[in-house]
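S.K.: Quick one: the structure is below, questions incoming.
The values are calculated or read from the model by the stated rules, or taken from the named source; none is laboratory data. Everything numeric in this text was worked out from a predicted model, so none of it was measured. A quick note on method: Cβ atoms are made from the backbone with ideal geometry, for glycine too, and the neighbour counts reach across all protein chains shown. We work out accessible area using only protein heavy atoms, side chains counted, and drop any ligands, DNA or RNA first. Shrake-Rupley method; radii C 1.70, N 1.55, O 1.52, S 1.80 Å.
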Amino acid sequence: MKRLLSLIPFLLMSNAQASYPELFGASFSTSGIGNQANLNTNDPSNNYYAPSILGFSDKFNVLVQASSTAPHFKDINRVVITNNTNSSTETYGKVNTNYTKFLGSALHMALPVGGNQHLGTLALSVFLPIGDLVRTNSGDPFLPEYIMYRSRFQRTSIYLNFAKKWSDDLAWSLGALMGFQATAEVRTNLSLNGAAYGSWARAQSKVSPSVGAIASVTKMFDNKTVYLAYQQEMKSNLKASVFGEITNPSLPLLDSTMSSLIFYDPHTFRIGGTTKLADLEIFGALEYQMWSGYKTPIIDVTKNGGVIVPSTNFEKIQTRDTLNPRIGVKYNLTDRWSTLLGAQYRMTPLKGEFSGSGNSVDVNTLVGTGGFQYRMVIWSKDVHLGSAFQYHHLESKKVTKTTGQENGSAGNKLGAPGYDIGGYILTANLGVKFNF
């Protein structure tokens with residue numbers, strides 16, 4: 001039975017994390033300036049931030065890139081890892097904070113439609129792990145987990161928009177981001193030693209798409225461009241019904257439902273713009289995110305029957321809406337070489353000191369970015385090579401656990417007496433953009 005239950009996460013695979021560009025940018029040309037739109041009409045990666053800007057382009061634009069992301073979190077040693085809520089004894093040990101390096105890729109395309117009449121631009125952005133379609137990890141249900149970084153961005157995500165120029169200086173867009181809802185059902189019949197026939201199992205699963213809306217508008221001035229954008233909340237839920245019994249003697253062991261919200265994108269509002277001063281371009285943006293619908297990805301086990309007891313989730317997180325400013329600059333050294341610099345401040349959506357029950361953690365983050373671009377001409381077409389680098393500094397914070405176990409009895413909470421959280425994340429990407 002234990003081996004069978006370990007297969008359930010694989011039966012439930014879906015878009016299990018928030019998208020990569022939310023944390024690390026859509027492309028080398030946007031990551032280098034603080035993870036925001038560069039408002040270049042011929043850069044298809046603007047499809048993530050402000051797709052309406054692509055309504056001004058009459059070219060076929062393609063951008064592809066590869067990226068590497070490596071988290072480095074502080075060690076957590078000599079804390080309570082078992083107590084009466086997850087074991088019969090209290091023990092101390094080390095928590096694993098060595099999260100796996102992530103290798104990802106992205107493809108952006110913007111295709112003008114309508115020929116010479118230019119009826120609009122169809123734009124597509126796809127982010128996916130290299131070598132995988134999806135990686136899921138709900139994390140440890142008891143010990144400290146950086147819930148925004150365990151595997152939250154390691155998924156395939158798709159953004160599709162249609163942009164149209166309203167006038168020579170105004171454009172709008174409408175589109176959608178794709179999510180998934182996954183369900184599964186597993187039934188087992190286990191025969192003990194001496195039975196005349198063997199064990200058997202039956203499983204079925206279904207993954208259904210769900211869609212969230214995207215809308216934006218862009219206004220151009222003499223040497224300035226501004227935009228407004230909105231992205232709807234998106235949840236991807238996993239739900240599995242599991243039934244197991246023993247034959248000879250007949251004994252129903254398990255009749256439970258397992259559920260988890262392991263992918264969540266908040267309602268997001270963006271406002272931003274750019275100003276050109278000769279060879280210097282200055283970018284700024286402000287992003288407001290609404291997190292009231294967020295839940296941690298911990299799997300909840302509900303008992304429908306049988307002898308297996310349900311899970312006891314003592315954690316009650318508190319969320320808040322966040323306001324995330326970004327600033328960046330691009331300087332053209334020559335007509336071929338450009339440098340990029342930027343910064344971003346990311347508020348954590350989790351409130352509190354993490355001193356009570358539960359160990360889902362996150363902290364505010366300051367991000368520094370930089371990069372370069374090189375323009376060349378091949379067969380009379382512009383080709384841009386570029387790379388960007390980011391350093392994410394997680395605010396250091398001391399967690400001190402309150403007395404008493406999670407169930408109210410005397411003793412120490414999981415994670416007691418406390419631990420330090422924080423660290424840093426390094427990310428780099430390399431890509432190429434074609435304008436036809």
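S.K.: May I ask you to evaluate 6.51 cos²θ - 1.76 cosθ + 1.60, the Karplus curve with θ = phi - 60°, for each residue of region 335-352 and list the ³J(HN,Hα) values in order in whole Hz, giving x for glycine and proline?
M.R.: 6, 10, 9, 9, 10, 10, 9, x, 8, 9, 10, 10, 6, 6, x, 8, 9, x
S.K.: Okay, next question. Using only Cα atoms, figure out Rg for region 176-277 and give it as a multiple of 2.2 N^0.38 Å. Walk me through the numbers before you get to the answer.
M.R.: On the way: Rg = 25.3 Å, N = 102, 2.2 N^0.38 = 12.8 Å.
In units of the globular-protein estimate, region 176-277 measures up at 1.98.
S.K.: Could you sort the peptides 180-190, 219-229, 22-32 by per-residue average Cβ neighbour count (10 Å cutoff), highest mean leading?
M.R.: Order by mean packing, descending: 22-32, 180-190, 219-229.
S.K.: Need one number: convex hull volume per residue for region 322-365, Cα atoms only, in Å³.
M.R.: On the way: hull volume 3.4 nm³, N = 44.
Dividing the Cα hull volume of region 322-365 by its residue count gives 76 Å³.
S.K.: While we're on this one: Which residue, chosen from Ser88, Leu430, Ile130, occupies the Cα position most advanced towards the positive end of the dipole of the chain, where the dipole is computed from +1 (Lys, Arg) and -1 (Asp, Glu) charges on Cβ about the Cα centre?
M.R.: Among Ser88, Leu430, Ile130, the one farthest towards the positive end of the dipole of the chain is Ser88.
S.K.: Based on the alpha carbon coordinates of region 158-207, what radius of gyration and maximum Cα-Cα distance (Dmax) apply, in Å?
M.R.: Just the Cα atoms of region 158-207 yield Rg and Dmax of 25.8, 81 Å.
S.K.: Find how much the distance from Leu119 to Thr334 grows on full extension, using 0.36 nm per residue of separation minus their present alpha carbon separation; answer in nm with one decimal.
M.R.: Extending this stretch completely gives an extra 73.9 nm.
S.K.: Right, another one. Along the Cα→Cβ direction, 7 angstrom out, place labels at Ala215 and Ile282. What is the inter-label distance in nm?
M.R.: 3.2
S.K.: Here's something else I'd like to know. Non-local amide H neighbours of Glu315 (under 5 Å, H modeled in plane, Pro and chain starts lacking H): which ones?
M.R.: Here nothing satisfies the definition.
S.K.: Whole-Å semi-axes of region 14-63's equivalent ellipsoid, largest first, each the root of 5 times a Cα gyration tensor eigenvalue? Please report the intermediate quantities before stating the final value.
M.R.: Working: eigenvalues 86, 32, 15 Å².
Equivalent ellipsoid semi-axes, largest first: 21, 13, 9 Å.
S.K.: Points 7 angstrom from Cα along the Cβ direction at Ser87 and Tyr424: gap in nanometres?
M.R.: The answer from the label model is 3.4 nm.
S.K.: Quick check on packing: order 367-380, 343-356, 33-46 by the mean number of other C-beta atoms within 10 Å, highest mean leading. Before the final figure, lay out each step's value.
M.R.: Details: 367-380: 15.4, 343-356: 17.6, 33-46: 27.1.
My ranking of the peptides, most packed first, is 33-46, 343-356, 367-380.
S.K.: Let me ask something else about it. Regarding the chain, what whole-number volume in Å³ per residue does the convex hull of its Cα atoms give? Intermediate values should be presented prior to the final figure.
M.R.: Working: hull volume 66.5 nm³, N = 436.
It comes to 152 Å³ per residue, whole-number rounded.
S.K.: What is the projected area of the convex hull of the Cα atoms of region 279-436, averaged over all directions, in nm²?
M.R.: On the way: hull surface 59.3 nm².
Average of the hull's projected areas for region 279-436 equals 14.8 nm².
S.K.: Residue by residue through region 315-330, which ³J(HN,Hα) values in whole Hz follow from phi under the Karplus form 6.51 cos²θ - 1.76 cosθ + 1.60 (θ = phi - 60°), with glycine and proline marked x?
M.R.: 7, 10, 6, 10, 10, 9, 6, 10, 10, 10, x, 9, 9, x, 9, 10
S.K.: My understanding is that a pair violates if its Cα-Cα distance is over 27 Å; which of Lys235/Lys316; Lys239/Lys398; Lys351/Lys401; Lys101/Lys224 do that in this structure?
M.R.: Numbers: Lys235/Lys316 19 Å; Lys239/Lys398 35 Å; Lys351/Lys401 15 Å; Lys101/Lys224 39 Å.
Those over the limit are Lys239/Lys398; Lys101/Lys224.
S.K.: I've got another one for you. How many Å³ per residue does the convex hull of the Cα positions in region 350-428 occupy? Let's see the in-between values first.
M.R.: Values: hull volume 8.5 nm³, N = 79.
Considering the Cα atoms of region 350-428, their hull volume per residue is 108 Å³.
S.K.: If one computes P(r) from the Cα atoms of region 53-94, what percent of pairs lie at distances over 13 Å? Don't skip to the answer; put the middle values down first.
M.R.: Values: 645 of 861 pairs.
Percent of Cα pairs beyond 13 Å in region 53-94: 75.
S.K.: Beyond 11 Å, what percent of the Cα pairs of region 208-251 remain? Could the numbers behind the result be given before it?
M.R.: Details: 745 of 946 pairs.
It works out to 79 percent of all Cα pairs.
S.K.: Whenever you get a sec, compute what percent of the accessible area on the chain sits on carbon and sulfur atoms (1.4 Å probe). Mind dumping the intermediate values first?
M.R.: Working: 11600 of 19490 Å².
C and S atoms contribute 59 percent here.
S.K.: Cα atoms only, region 241-298: Rg and Dmax in Å?
M.R.: When restricted to Cα atoms, region 241-298 yields Rg and Dmax of 25.5, 83 Å.
S.K.: Can you list residues from other chains, or at least 5 along the same chain, whose modelled amide H is less than 5 Å from the amide H of Phe60?
M.R.: Hits under the 5 Å cutoff: Phe436.
S.K.: Rolling a 1.4 angstrom probe over the protein heavy atoms, how many square angstrom per residue are accessible across region 32-75?
M.R.: Values: 960 Å² over 44 residues.
With all protein chains present, region 32-75 gives 22 Å² per residue.
S.K.: Moving to a separate point now. Using a 1.4 Å probe, how large is the accessible area of Arg336, given in Å² and rounded to the nearest 10?
M.R.: Accessible surface of Arg336 is approximately 90 Å².
S.K.: Contact order normalised by length for region 44-168, with contacts defined as Cα pairs under 8 Å and 6 or more residues apart; what percent is it? Numbers along the way, then the final one.
M.R.: On the way: 250 pairs, mean separation 37.6, N = 125.
Once divided by the residue count of region 44-168, the mean separation gives 30 percent.
S.K.: Quote the charge dipole size of the chain about the Cα centre in Debye, to the nearest 20; the model charges only the Cβ of Lys and Arg (+1) and of Asp and Glu (-1). Could the numbers behind the result be given before it?
M.R.: Numbers: 38 positive and 29 negative charges, 69 e Å.
Using Cβ point charges on Lys, Arg, Asp and Glu, the chain gives about 340 debye.
S.K.: While we're on this one: On each of the three principal axes of the Cα atoms of region 87-237, give max minus min coordinate, whole Å, ordered largest first.
M.R.: Computed over the Cα atoms, the extents are 81, 43, 26 Å.
S.K.: In nm, give the distance between the simple-model label positions of Leu174 and Leu192, each being 7 Å from the Cα along the Cα-to-Cβ direction.
M.R.: About 6.4 nm separates the two model spin labels.
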